[in-house]
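Undergrad: What follows is a structure written as structure tokens; I'll ask about it next.
The values are calculated or read from the model by the stated rules, or taken from the named source; none is laboratory data. On a predicted model such as this, the values are computed, not experimentally measured, just so you know. Note: ideal-geometry Cβ built from the backbone for every residue, glycine included; neighbour counts use all protein chains shown.
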Amino acid sequence: MAGKLYVIRHGKTDWNEQCKLQGNTDIPLNEKGRAQAREAAAEYKDVNFDICYCSPLQRARETMEILLEGRDIPVIIDERLREMNFGTYEGVYDYFEDESLPVNVFFKHPEQYHTAPPEGESIDDLMARTGNFLEEVAYPLVKEGKDVLIVGHGAMDSSIVCHVKRRQLEDFWKEGIKNCKLIQLI
């Protein structure tokens, strides 16, 4: 019998609340984010996870620690689960609304975001590394009957969803990855 595959996004950070682009910038959870993680821990306490894979960024790690507190679940930190690297655009405000920023294309028309920003990644780069993770790690474990949890980020989780659900890049944001809401993909 096949296992299950879940993704969850980290709790809120100050940069989330300020509409400041985080990407690979290592921002911690704020108090609201910690509260969201505690609520998720209570809500999902009866969901079985055999193993957890987590982004190395502290907002994801702290969410994972709160979510899995008191549970004997092995955790593996995997670099392929980092948030997308937005390069020189990390730290900009109102990235979603400011159409003068080239990174805005990623949030409005992700299928057109094929050129990496300076020091960053393109959507193709993100899809390649998360696809590699799924093929090498997650799918084999699920096939073995393991229930796998991935703790990550908005764009990274969306790329996992696109792979699993075989979505086109036009539908990259269709799932609407909310903070600390568990999504079962398999």
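Undergrad: Residues in region 86-99: is at least one of a type outside the set (Val, Ile, Thr), at positive phi and touching a Pro at 6+ places or on another chain (Cβ under 8 Å)?
TA: yes
Undergrad: For Leu141, work out the one condition from (1) farther than 30 Å from Lys32 by Cα; (2) outside any helix (DSSP H, G or I); (3) aliphatic (A, V, I, L, M) it doesn't fulfil.
TA: Checking Leu141 against (1) farther than 30 Å from Lys32 by Cα; (2) outside any helix (DSSP H, G or I); (3) aliphatic (A, V, I, L, M), the one that fails is (2).
Undergrad: Of the residues Glu79, Glu90, Glu65, which single one is under 17 Å from the mean Cα position of the chain (by Cα) and buried (at least 18 other Cβ atoms within 10 Å of the Cβ)?
TA: Within the list Glu79, Glu90, Glu65, the selection yields Glu90.
Undergrad: Return the pair list, or none, for Cβ contacts closer than 7 Å from residues in region 1-30 that are more than 18 Å from Met156 (Cβ to Cβ) to residues that are assigned to a strand (DSSP E or B) and at pLDDT 95 or above, at least 6 apart or on different chains.
TA: Final answer for the pair search is Gly3/Val148; Lys4/Gln184; Asn30/Thr13.
Undergrad: Let me ask something else. Of everything in region 143-156 that's surrounded by fewer than 22 Cβ atoms within 10 Å (Cβ to Cβ) and under 22 Å from Cys180 (Cα atoms), which residue is farthest from the chain's Cα centre (by Cα)? Show your work before the answer.
TA: Filtering region 143-156 down to residues surrounded by fewer than 22 Cβ atoms within 10 Å (Cβ to Cβ) leaves 143-147, 154.
Pick out the ones that are also under 22 Å from Cys180 (Cα atoms) and you get 146-147, 154.
Values: Lys146: 20, Asp147: 18, Gly154: 5 Å.
Residue satisfying both the conditions and the ranking: Lys146.
Undergrad: So, in region 1-53, exactly how many residues are within 28 Å of Gly120 (Cα to Cα), touching a Gly at 6+ places or on another chain (Cβ under 7 Å) and aliphatic (A, V, I, L, M)?
TA: Qualifying residue count, region 1-53: 3.
Undergrad: Could you pull out every one of the helices (runs of 4 or more DSSP H) wholly within region 20-108 that has 2 or more residues that are of a type in the set (A, V, I, L, M) and touching a Ser or Thr at 6+ places or on another chain (Cβ under 9 Å)?
TA: In region 20-108, 31-43 are the helices (runs of 4 or more DSSP H) which contain 2 or more residues that are of a type in the set (A, V, I, L, M) and touching a Ser or Thr at 6+ places or on another chain (Cβ under 9 Å).
Undergrad: State whether the residues of region 95-118 include one that is closer than 13 Å to Gly152 by Cα and surrounded by 14 or more Cβ atoms within 10 Å (Cβ to Cβ).
TA: Taking every residue of region 95-118 in turn, none turns out to be closer than 13 Å to Gly152 by Cα and surrounded by 14 or more Cβ atoms within 10 Å (Cβ to Cβ).
Conditions (1) under 24 Å from Pro28 (Cα atoms); (2) of a type in the set (D, E, K, R); (3) modelled with pLDDT of 95 or more, marked per residue:
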residue: Val105; (1), (2), (3): no, no, no
residue: Arg129; (1), (2), (3): yes, yes, yes
residue: Leu141; (1), (2), (3): no, no, yes
residue: His153; (1), (2), (3): yes, no, yes
residue: Ser159; (1), (2), (3): yes, no, yes
